[in-house]
Amino acid sequence: KSCQTGKISTAETAVQSHTRRDAGVQTDPSHDAVQGCQQEVQVDYTSLLLFLRRVEDAVIKELNENWKSRAFDGFEVNWTDQNETVLCLHALSYPEAQDQSLQVTGVSWNATGSVVACSYGRLDDGDWSTEKSYVCTWNLDRRGLNPQCPDLVVDVPSSVMCLAFHPSQPSLIAGGLFSGELVVWDTSRTEDPVVWRTGMTDDTHTDPVYQVNWLPDAQHRNHARLLSVSTDGKILVWREERDGRLALAEGFAVVAQQIPRSARMKKLTWGEAAVGVTSLSFSHFDPRVFVVGVEGGYSLKCSTAAETLALRQMGSSVPLRAPAELAFSPHAGPVYAVSCSPFHRQVLNLFLSCGTDGQVHLHSMLQTQPLVSLQLSKKYLFCVRWSPVRPLVFAAASGEGNFSLTGDVHLFDFEKSSQKPTLSIQQTAGEHPVYCLEFSVKQTRLLAAGDATGTVKVWQLSSDFTEQGPREMNHLEQLASEVAD
């Protein structure tokens, strides 16, 4: 009575055949076999427990022996599919900068590893530059990324020669200008991104700024200091002021007379002449130790703890100290980049340098002669960077290579060869040099490189260059000790 519809009648009214029977089978059914399959397997758990207790000590002993064994040193387990190719993921550019024939002078990754920034300027123009340039950023994780439309464009009245993202605050980026000024921008402020600047004072560099570094402030944890180097010979440390100014906190000056006489700097006039500083890299184990590259072709080991005053009076508001402690065997031309290893133990203290002679020198801070000299290019090498994840891998940027006429970004792996690049990647067509490159510390398979055409290419590295092999640190130590001996 409660049904919504009436009852449906069903009936079988037709079949294919009227009769049926079993015509044949492969084997006769066995009642015992079927019954055996259906029976549950009986386990004697008491006996199993006694067995496990009896062999426990022997199994643990063998496992410990295997753990200490070196029988499988050098064997890599392929847990995942290995990517053997290096791919260009993005070719980023700002058309307006390219229309002005501006070059990419610096690249930097932000603290999250998702944003890459570049500075535009000129590295082949020695005249005072007053034309405006740009700082551009791209968020590579953003959906619908347009490689020719940066997420942020900052207009700058002078060529930007270098830049560096803050190590922990993703929106802060510092730049050094051709005019000698330093500027800090906050990329989250689209209307007026400038938050600090040095302005033009007696403390400001009188030559272009070629590198900026963020330094932790020991007195104020929430603040950071900014370090700048210039070809005026000054290495300056700046602190933030509330009124938006960067004030000089301390400084150093590299002058010829303060460089150790063992260096025999024949190319420089002896005396109180400033030695142009082009690059700097801090030790990853001693925050007081850093290496600088200079125009005279030398790399110098320096210390922030130096107390000797530079002899030259430079009109600075703070005394400028002479930081140089040791001069290393020189390149045949100006040094353009230095890079301290983030992996070495204190016994080795390794760093790389490159310059206009097309060579990369592998140095220990404990001796003046290079451990290895590599002729990577027939032309200038503008940048060298140690891999953040592979102790035996580094990258170098050039205009042309010895081993590949189209190779502009050279990837070197000491594990495969101590004499030539493992891979040379063509970044640009023709003789347009690559000026700068940076590994991403967060997304370790990414490498950004900027060139003279105004393009930043983001390369995805293969697993060969990003997955550290067993005992790789020992291989590096062995290489250094063999060459040193």
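The values are calculated or read from the model by the stated rules, or taken from the named source; none is laboratory data. Keep in mind it's a predicted model, so treat the numbers as computed, not measured. Every residue, glycine among them, receives a Cβ derived from its backbone with ideal geometry; neighbour counts consider all protein chains shown. These area figures cover heavy atoms from the full protein model, side chains too; ligands, DNA and RNA do not enter into them. Shrake-Rupley method; radii C 1.70, N 1.55, O 1.52, S 1.80 Å.
Side notes on the structure shown:
- Segment Ser168-Lys379, length gained on full extension (0.36 nm per residue, minus Cα span): 72.3 nm
- Solvent-accessible surface of the stretch 87-482, taken per residue with a 1.4 Å probe and all protein chains present: 41 Å².
- For the residue pairs Lys378/Lys416; Lys301/Lys379; Lys379/Lys442; Lys378/Lys442, alpha carbon separations beyond 24 Å are given by Lys301/Lys379; Lys379/Lys442; Lys378/Lys442.
- Here the stretch 87-482 yields Rg over Rh of 0.94, to two decimals, using C-alpha coordinates and the Kirkwood radius.
- Additional length obtainable on full extension of the chain from Arg245 to Phe285, 0.36 nm per residue less Cα span: 11.3 nm
- The stretch 351-485 shape via C-alpha gyration tensor axes, a/c threshold 1.5: oblate
- Nearest-10 value in Å² for the accessible area of Asp155, using the 1.4 Å probe: 90
- Full-stretch length increase - Thr206, Thr10 - with 0.36 nm per residue and alpha-carbon distance subtracted: 60.4 nm
- Each label point was placed 7 Å from the Cα along the Cα-to-Cβ direction; for Ser329 and Gln367 their separation is 0.9 nm.
- Shape class for the stretch 121-242, computed from the alpha carbon gyration tensor (a ≥ b ≥ c): oblate, with a/c not under 1.5 and a/b at or below b/c.
- Projecting the Cα atoms of Gly450, Val229, Met473 onto the charge dipole of the stretch 87-482 (Cβ charges, centred on the Cα centre) puts Met473 farthest toward the positive pole.
- Apportionment of accessible area to carbon and sulfur, the stretch 87-482, percent (1.4 Å): 46
- The charge dipole of the stretch 87-482, taken about its Cα centre with unit charges on the Cβ of Lys, Arg, Asp and Glu (plus for the first two, minus for the last two), comes to roughly 880 debye.
- Across the protein chains, with a 1.4 Å probe defining accessible surface, the residues His410, His284 rank His284, His410 from largest area downward.
- Annotation: the stretch 149-217 has a Kirkwood hydrodynamic radius of 12.6 angstrom, from the mean reciprocal C-alpha pair distance.
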